[in-house]
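One structure below.
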Amino acid sequence: SQKIEQNSEALNIQEGKTATLTCNYTNYSPAYLQWYRQDPGRGPVFLLLIRENEKEKRKERLKVTFDTTLKQSLFHITASQPADSATYLCALNYGGSQGNLIFGKGTKLSVKP
Amino acid sequence: ETGVTQTPRHLVMGMTNKKSLKCEQHLGHNAMYWYKQSAKKPLELMFVYNFKEQTENNSVPSRFSPECPNSSHLFLHLHTLQPEDSALYLCASSHNRETDTQYFGPGTRLTVL
């Protein structure tokens with residue numbers, strides 16, 4: 001069965017630095033990959049989606065890359081701020097009748113002032 | 001807010017109780033989902049409804065019983081639960097079953113004594 005690994009359970013960085021979170025998967029590549037943000041006691045909130053034929057996607061200070069050769073997605077937050085502190089979830093979707101989202105365990109990001 | 005509401009936000013119940021979780025979405029979506037989120041584990045998909053029809057039951061014990069009376073409302077009926085069922089229960093919706101993005105509610109924090 002498909003496995004997703006978000007390498008770090010927790011990541012601590014200094015304000016202003018770039019945070020880089022990793023999502024690796026096994027087996028065949030998904031149709032697309034999504035990143036969600038989850039704050040304590042809240043549901044996940046969608047951030048970015050990248051399709052298998054796309055290399056990179058950007059939204060304001062966020063950037064996602066998708067490397068089907070490495071079977072990996074990287075999620076970057078540039079000029080990080082304490083308000084970016086949250087758990088970030090990676091999710092894969094194979095589309096069509098296999099349209100379930102498969103989530104990773106998440107990486108808890110802490111940005112220190 | 002994401003347009004998906006859940007009630008109650010917190011619930012404590014004994015193993016012999018019967019309770020229900022409610023989810024409502026105001027987004028005009030056709031697919032709705034129940035997820036379970038336990039500490040240190042990824043989100044686990046429990047049930048999927050598409051146009052009010054259940055399309056997926058992910059080997060969930062019968063003590064969890066979903067109900068979808070219309071495309072805007074989703075219930076999860078609980079009875080004779082076990083302490084290991086304590087978790088955050090999240091409802092989500094999407095435009096349709098194959099749509100990219102899911103919108104999550106804030107969740108119900110369930111504690112089974």
**Prompt:** In nm, to one decimal, how far is the B:HIS77 label point from the A:HIS76 one, both placed 7 Å along Cα→Cβ?
**Reply:** 5.2
**Message:** Taking each pair of distinct Cα atoms in region B:44-84 once, what is the resulting Kirkwood hydrodynamic radius in Å?
**Reply:** 11.0
**Message:** Contact order normalised by length for region B:20-113, with contacts defined as Cα pairs under 8 Å and 6 or more residues apart; what percent is it?
**Reply:** 33
**Complete:** Checking region B:2-110 for trypsin sites (Lys or Arg not before Pro) in a loop per DSSP with at most 12 other beta-carbon atoms within 10 Å yields B:ARG9, B:LYS40
**Complete:** Restricting to aspartates and glutamates and to Cα separations under 16 Å from A:LYS105, and discarding same-chain partners fewer than 8 apart, the set is A:GLU5, A:GLU9, A:ASP39, B:GLU44
**Complete:** Here the cysteines of chain B lacking a cysteine partner under 4.7 Å (Cβ to Cβ) are B:CYS68
**Asked** Near B:PHE75, within a Cβ-to-Cβ distance under 9 Å, what is the net charge of the other residues, with Lys and Arg +1 and Asp and Glu -1?
**Response** 0
**Item:** Inter-chain shielding of B:43-54 (mean C-beta neighbours from other protein chains, 10 Å cut-off)
**Value:** 2
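Determine the sum of side-chain charges near A:ILE13: Lys and Arg each +1, Asp and Glu each -1, restricted to other residues whose C-beta is under 13 angstrom from that of A:ILE13.
Value of the local net charge: +1.
List the pairs from A:LYS55/A:LYS112; A:LYS57/A:LYS108; B:LYS18/B:LYS52; A:LYS55/B:LYS40; A:LYS17/B:LYS36; A:LYS59/A:LYS112 whose alpha-carbon separation is above 28 Å, in the order I gave them.
Details: A:LYS55/A:LYS112 30 Å; A:LYS57/A:LYS108 22 Å; B:LYS18/B:LYS52 23 Å; A:LYS55/B:LYS40 30 Å; A:LYS17/B:LYS36 34 Å; A:LYS59/A:LYS112 23 Å.
In this structure, A:LYS55/A:LYS112; A:LYS55/B:LYS40; A:LYS17/B:LYS36 exceed 28 Å between Cα atoms.
Just so you know, all these numbers are worked out from the coordinates, no wet-lab data involved. Keep in mind it's a predicted model, so treat the numbers as computed, not measured. In this analysis, Cβ positions are derived from the backbone assuming ideal geometry, glycine residues included, and neighbour counts consider all displayed protein chains.
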